[in-house]
């Protein structure tokens, strides 16, 4: 069993890509722990990808690219700014609001940081907010995209845990909005303490103008999420519809992308999809081997023998996921850890939808936690800020997220309320 934990850790320290260390672990297990034909490796890898719900990932990635590179993201930001104009902390509040809305369109945290950061960072700086606060805000606000549906991380959890994607999407609405609210409260207190108030005042005329200009962009989450929860189409079909809708809006209505631009974005989306899918395939092999070896059952039996209460397991899991999230991206972490943790949660009577939300929030914090949070690298490339300033700005927002995580963990009803309401 030392191969399962030791080999990946060594390979990670050396700097190998995640899928390489997963495949290396699988090969060692196949060679030494449980000799099997090498053809089993290929069969399980392809079997891991043969799932209908995984089709949603390339569609949501492509839709997010279209919205970010076109003017849809800018029009959303202008609408949120018009809605919040005149309030203390309006500009950073608009950043959180725009990140939440864009996250509900793209499902991608790095895409949210890049799209919102390019547009909002200059406005935050010109409004009087310093470099560390502005960069930290944009980087942390992108984490909401993993929690607010539709979310690529949620899709992968549901594939691994064999849960309903639409149910987890529905359960993620309140937690995602709750995290945005906590960030908004901190922003208001910060702006009040620093005595910063933007000069723009609320104008109903400006709001109507922004609503008219952004109508087609703002309609996207209503179409996607409304279609899913009304039962018109599945989450996978919704992803395809989001792609088609984004193409129509950017090419024919707003006309801010050409067919050449769309082709380049399709190539970029395909490359990113390939990176995700090879991790899915490699993680599927390790998960299969771990299951065949009976490791989850052994862990469940050990916990039952010890008699660990639910709250202790959740506390230990939160600590584990927070540490893992600082070093490994959410996709890899979900695919590797879900087969190990879900049987334990199930044995303790924890609702697996609520458990999925806890995992998602934990790993969203990892997206902007030093040293290897992916949002940090995207923010540095997009905003050009110093690492020390960015880390300083992130610390308060990490604290805000941790508070939200503690509340969401302790109060399952926040995740399950909408599920029970619509049953």
(Q) Condition first: touching a residue at least 40 places away in the same chain (Cβ under 8 Å), under 30 Å from residue 17 (Cα atoms) and surrounded by fewer than 16 Cβ atoms within 10 Å (Cβ to Cβ). Can you find one or more residues in the stretch 268-276 that meet it? (A) yes
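Can you list the helices (runs of 4 or more DSSP H) found entirely within the stretch 307-423 that contain at least 3 residues being in contact with a helix residue (DSSP H, G or I) (Cβ under 6 Å, 6 or more places away or on another chain), in contact (Cβ under 8 Å) with a residue 40 or more places away in the chain and under 16 Å from residue 178 (Cβ atoms)?
On the way: elements: 310-325, 330-347, 352-366, 374-383, 387-410, 413-421.
It comes to 352-366, 387-410, 413-421.
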Q) Restricted to the stretch 205-230, and to residues that are surrounded by 13 or more Cβ atoms within 10 Å (Cβ to Cβ) and at pLDDT below 80, which residue is farthest from residue 241 (Cα to Cα)? A) 229
Q. Inside the stretch 359-383, can you point out the residues that are within 12 Å of the chain's Cα centre (by Cα) and surrounded by fewer than 24 Cβ atoms within 10 Å (Cβ to Cβ)?
A. 374
Q. What's the number of the condition residue 317 fails, among (1) more than 30 Å from residue 398 (Cβ to Cβ); (2) modelled with pLDDT of 85 or more; (3) surrounded by 19 or more Cβ atoms within 10 Å (Cβ to Cβ)?
A. (1)
Q. Looking at the stretch 187-204, is at least one residue modelled with pLDDT under 85, in a helix (DSSP H, G or I), over 26 Å from the mean Cα position of the chain (by Cα) and farther than 17 Å from residue 100 by Cα?
A. yes
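The values are calculated or read from the model by the stated rules, or taken from the named source; none is laboratory data. Note that this is a predicted model, so its numbers are computed, not measured. So basically every Cβ, Gly included, is an ideal-geometry build from the backbone, and we count neighbours across all protein chains shown.
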